[in-house]
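Colleague: Below is a structure I'd like to ask you about.
FYI, it's all coordinate maths here, none of it is from the lab. Computed from a prediction, not measured in an experiment: that's the story for all the values here. Virtual Cβ from ideal backbone geometry, glycine too; neighbours counted across all protein chains shown.
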Amino acid sequence: GSVVASYPYDDSPTHRPTGVYSKSADDEVFRYLAKAYASHHPIMRTGKPNCPEEEGETFPEGITNGAQWYDVEGGMQDYNYVWANCFEITLELSCCKYPPTSELPKEWENNRESLLAFIEKV
């Protein structure tokens, strides 16, 4: 896990494991939506999730192009965009994929304003 808003494409023509910016035709829209979420999240907006296993990992403005972070061939985000014209971003909300119940109120507080800002973009 991490704390970042990721946007298409997750796959790249070269299929290199990481570091390839795979720009979609709607790149500006996706960046706008990702920033709308990230800019209201107290951790995500710093670009420094400080996850225990990836302490040096950073994401400028709290967002990343999926393939630049890591290449995912055949992912749902890309599939829905290409075949259903459905604009999706992927939200990584925690360093821990399954946070303990005791942390859920804190996660809600971290994400509430981001969710509202994102919904307002509709």
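Colleague: Do the sum for the chain: with -39,500 (n - 2.57) for every DSSP H run of n ≥ 4, divided by all residues, what is the mean residue ellipticity at 222 nm, to the nearest 500 deg cm²/dmol?
Modeller: Mean residue ellipticity at 222 nm (helix-derived): -10500 deg cm²/dmol.
Colleague: Which one of 83, 30, 13 is farthest out on the positive end of the charge dipole of the chain, using unit charges on Cβ (Lys, Arg +1; Asp, Glu -1) and the Cα centre as origin?
Modeller: Checking the options against the dipole of the chain, the answer is 30.
Colleague: So for each of 52-65, 5-18, 101-114 I average, over its residues, the number of other beta carbons within 10 Å; can you give me the resulting order with the highest mean first?
Modeller: Result, highest mean Cβ count within 10 Å first: 5-18, 52-65, 101-114.
Colleague: Another question, then. Give the cross-link partners of residue 121 among the lysines, using a straight C-alpha distance below 21 Å as the criterion and excluding same-chain residues fewer than 8 apart.
Modeller: Correct list for residue 121: 35.
Colleague: Pull up the cross-link candidates among the lysines for residue 106, meaning alpha carbon to alpha carbon under 17 Å and not fewer than 8 places away within one chain.
Modeller: The qualifying lysines are 97.
Colleague: If you check each cysteine of the chain for another cysteine whose beta-carbon is under 4.7 Å away, which ones come up empty?
Modeller: Lone cysteines by the Cβ rule: 86, 96.
Colleague: Once amide H atoms are built 1.01 Å from N in the peptide plane, which residues 5 or more positions from residue 12, or in another chain, come under 5 Å H to H?
Modeller: Amide H neighbours of residue 12: 72.
Colleague: Could you give the length gained by full extension between residue 50 and residue 76, i.e. 0.36 nm per residue of separation minus their alpha carbon distance, to one decimal place?
Modeller: Once the chain is fully extended between residue 50 and residue 76, it gains 6.7 nm.
Colleague: Further, regarding this structure: Note down the magnitude of the dipole of segment 5-67 about its Cα centre, charges +1 on Lys and Arg C-beta and -1 on Asp and Glu C-beta and zero elsewhere, to the nearest 20 debye.
Modeller: For segment 5-67, the charge dipole is close to 180 debye.
Colleague: Report, ordered by chain and residue number, the aspartates and glutamates lying within cross-link reach of residue 48, taken as a straight Cα distance under 14 Å and ignoring same-chain residues fewer than 8 apart.
Modeller: Straight-line reach from residue 48, under 14 Å: 57, 61, 92.
Colleague: Another one. If you place +1 on the Cβ of every Lys and Arg and -1 on the Cβ of every Asp and Glu, how big does the dipole about the Cα centre of segment 4-120 come out, in debye to the nearest 20?
Modeller: With only Lys, Arg, Asp and Glu charged at Cβ, the dipole is about 200 debye.
Colleague: Continuing with the same structure: Write down the percent of antiparallel bridges among all DSSP beta bridges whose residues are both part of the chain, to the nearest 5.
Modeller: On the way: 6 of 9 bridges.
Counting only bridges with both partners in the chain, antiparallel ones make up about 65 percent.
Colleague: Over what distance in Å are the Cα centres of segment 11-62 and segment 70-98 separated?
Modeller: Segment 11-62 and segment 70-98 have Cα centres spaced 12 Å from each other.
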